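Here is the structure we will look at, set down as C-alpha cells.
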There are 2 protein chains.
Amino acid sequence: MLSQAEENYLKCIFTLSEKTEKLVNTNSIARALDTSAASVTDMLKRLSKREYIEYRPYKGVKLSEQGDVIARKLIRKHRLWEFFLCEKLGFSWDEVHDIAEQLEHIQSDDLVERLADFLDHPKFDPHGDPIPDKEGRFSVRKQIALVDLPVGKKGIIIGVREHSNDFLKYLNQHRLTIGVTIKVLEYFEYDQSLKIRLGSGTETVISQKVANNIFVKN
Amino acid sequence: MLSQAEENYLKCIFTLSEKTEKLVNTNSIARALDTSAASVTDMLKRLSKREYIEYRPYKGVKLSEQGDVIARKLIRKHRLWEFFLCEKLGFSWDEVHDIAEQLEHIQSDDLVERLADFLDHPKFDPHGDPIPDKEGRFSVRKQIALVDLPVGKKGIIIGVREHSNDFLKYLNQHRLTIGVTIKVLEYFEYDQSLKIRLGSGTETVISQKVANNIFVKN
DNA sequence: AAATATTTTTAAGCTTGTCTAAAAATATTG
DNA sequence: CAATATTTTTAGACAAGCTTAAAAATATTT
C-alpha cells in the first residue's frame with residue numbers, strides 16, 4: 001500500500017512526463033509538489049526500490065508499468081470525484097480541485113466503479129479533461145485552442161489548458177464555461193486580443209493569453 | 001489542523017465516553033484503536049497540550065469543548081458518507097464502514113453541508129445510528145431491543161447495537177434489515193431464543209444474542 | 001497494611017516525510 | 001577546455017506516530 005505522499009509523487013511524475021515525453025527531473029517535481037529537491041531525491045530512491053519508478057541518479061525518472069497503472073487510477077479517481085462534486089453537489093469548477101485532491105486517495109476499487117456507474121461513466125471532467133476508463137485509457141477528441149479559431153468561425157468550449165484558480169475564476173466571471181458557444185468577431189493585431197460573441201449574445205474582448213488557454217471544438 | 005490519527009483519537013474518546021460517562025482510560029483507547037498503551041499516552045499528551053482534551057495522568061481523559069465539537073463533526077461526516085454509499089451507490093450496510101472511515105477525514109465544511117443537502121438531511125444512517133446535525137445535536141427516538149418486545153407484538157427494525165462485520169452480515173443473510181417488520185411468535189425459555197415472523201412471511205428462530213442487538217420501534 | 005497484580009507512563013528506537021547546508025555531478029559559457 | 005553555474009545528491013536533523021521493555025503509579029488481594 002502506498003501512502004498519500006507516495007501517490008502524489010507518482011501522479012506528479014505522470015503529469016510531468018505527459019508533457020515532456022522525456023525523463024522527469026528532480027527539480028521539476030520539487031517545483032510541482034512545492035517541496036525541496038532533497039526530499040524528492042529521497043522519495044525517488046524509496047519509490048525506485050519498490051519498483052514504482054525507474055530512477056537514474058542525476059538523469060531523471062519515469063514511471064514503471066506498475067507506477068503508471070497507479071497514476072492513471074489516481075487521475076481517474078480525481079476526475080470522477082470532480083465530476084461528482086460539480087454535477088451532483090453543485091460546486092463550480094474552480095472549487096473542486098482541492099477536495100478532489102483529497103478524495104483521490106480514498107482506497108476502494110469497488111467505490112470507484114460504483115461511483116463511475118452512478119455518474120454514468122463520464123468521459124470528461126468539469127474542466128474538459130479526459131477521465132481514464134477502468135483500464136486507464138484516455139478518450140481523445142479533436143480540439144483546438146480558441147486562439148487558433150479563425151475570425152468569423154464558431155466553436156464550443158470543451159476544455160481548458162490552464163487549471164489555476166485565478167484562470168478558472170476569470171472564466172467563471174466572464175461566463176466562459178464548458179458548453180458555451182463562441183464566435184470570433186475580430187482579431188486585433190496590435191496585442192493579439194480577440195473580440196468574441198457568446199451564445200448568450202454577450203460580446204467581450206479577451207487577451208491572447210486567455211484565448212490560448214481555452215480549448216474549443218468546431 | 002488535525003492529522004487523521006489525531007482525529008481518530010478524538011472520535012474514539014467521544015464514543016468511549018458516551019458509554020461510560022466517566023473519564024476514558026488509556027487502555028480502552030489502545031484496545032479500540034488497536035495500538036499500544038504507550039502510543040496512546042504519547043498522543044494524549046500532545047492533544048492535551050493543544051487543548052483538545054482534558055488529560056489527567058493515571059486518571060483518564062475527556063474531550064474539551066473544542067474536542068467535542070470536532071468529534072461530533074467527524075461522526076456527522078462518517079454517517080452522512082455511509083448514507084451516501086448505501087442510498088446512492090448501492091452498497092449494503094455491512095460494506096460501508098471502512099470506506100466511511102476514510103471519507104470522514106476529508107476536510108471541507110462546504111462539502112459536508114452540500115452532501116447533507118444532496119441527501120436531504122437524513123437523521124439516521126444505514127445502521128439506524130443518529131446523524132448529528134450541523135450544530136452537533138443528535139436525534140433521539142424511542143427504541144427498544146427486540147429481546148424486550150413481548151410475544152405477540154409487532155415491531156419495525158430501526159437500528160442495531162452491534163456494528164461488527166459478522167453481525168451485519170448475519171442480519172443481511174436473514175433479511176433482517178432496517179425497515180423490516182417483525183412479529184414475535186414464541187419465546188423459548190430454555191435458551192432464550194425467539195421465533196419471529198418477518199413482514200415477508202418468513203419465519204425464523206433467532207438467538208437471544210441477536211435479539212439483544214436489534215433495535216425496534218412499536 | 002503488605003504483597004501482588006494491573007494500568008499507565010517513561011525511555012529508547014524505528015520509519016516516513018520533511019527540512020537546510022554542503023558536497024558532488026552535470027551543463028554552460030568564455 | 002577550463003571556469004562558472006546549475007542541478008542533484010548526501011549528510012544530518014527534526015516531528016509525528018508507532019513499537020517494545022522497563023519503571024512508576026494505582027488497584028486488588030490476602
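A compact table of results
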{"quantity": "Phi-based couplings in Hz for the range B:127-143 (Karplus 6.51, -1.76, 1.60; Gly and Pro marked x)", "calculated": "9, x, 7, x, 9, x, 7, 4, 8, x, 7, 8, 6, 10, 8, 6, 8"}
{"quantity": "Per principal axis, descending, Cα span of the range B:165-218 in whole Å", "calculated": "27, 24, 20"}
{"quantity": "Semi-axis lengths (Å, descending) of the ellipsoid that matches the C-alpha gyration tensor of the protein assembly as shown", "calculated": "50, 29, 21"}
{"quantity": "Computed over chain B: relative contact order in percent, which uses C-alpha pairs under 8 Å that are six or more apart", "calculated": "15"}
{"quantity": "For the range A:61-114 versus the range A:163-204, the gap between their alpha-carbon centres in whole angstrom", "calculated": "28"}
{"quantity": "Label distances, nm, residue A:39 versus same residue in remaining copies, Cβ-directed 7 Å point", "calculated": "2.4"}
{"quantity": "Relative contact order (%) - criterion: Cα under 8 Å, at least six apart; region: the range B:29-137", "calculated": "23"}
{"quantity": "Size of the A/B contact, given as accessible area buried on both chains, probe 1.4 Å, in Å²", "calculated": "1700"}
{"quantity": "Ascending list, in nanometres, of distances separating the residue B:54 label from those of the other copies (7 Å, Cα toward Cβ)", "calculated": "6.2"}
{"quantity": "Residues of the protein assembly as shown: accessible area per residue with a 1.4 Å probe, Å²", "calculated": "54"}
{"quantity": "Stretch gain in nm, segment residue A:69-residue A:156, where the contour uses 0.36 nm per residue and the Cα spacing is subtracted", "calculated": "28.1 nm"}
{"quantity": "Counted charge near residue A:209, where neighbours are those whose Cβ lies closer than 11 Å (Asp, Glu -1; Lys, Arg +1)", "calculated": "-1"}
{"quantity": "Delta accessible area of at least 40 Å² on complex formation, residues of the range B:105-128, 1.4 Å probe, chain isolated as reference", "calculated": "B:106, B:111, B:114, B:118"}
{"quantity": "For the range B:40-87, the spread of Cα positions along each principal axis, largest first, Å", "calculated": "44, 19, 16"}
{"quantity": "Over chain B: Kirkwood hydrodynamic radius from C-alpha pairwise inverse distances, Å", "calculated": "19.0"}
{"quantity": "Surrounding net charge for residue B:198, when Lys and Arg each add one and Asp and Glu each subtract one, Cβ distance under 13 Å", "calculated": "+4"}
{"quantity": "Spread of Cα-to-Cα distances over 10 Å intervals beginning at zero, given as percent, for the range B:68-112", "calculated": "30, 54, 16, 0"}
{"quantity": "Using a 7 Å Cα-to-Cβ projection, residue B:161 label spacings across copies, nm, ascending", "calculated": "6.6"}
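The values are calculated or read from the model by the stated rules, or taken from the named source; none is laboratory data. Just so it is clear, the model here is predicted, and its values are computed rather than measured. Cβ: placed from backbone, ideal geometry, glycine included. Neighbour counts: every protein chain shown. Just the protein is used for accessible areas: all its heavy atoms, side chains included, with ligands, DNA and RNA removed. Shrake-Rupley method; radii C 1.70, N 1.55, O 1.52, S 1.80 Å.
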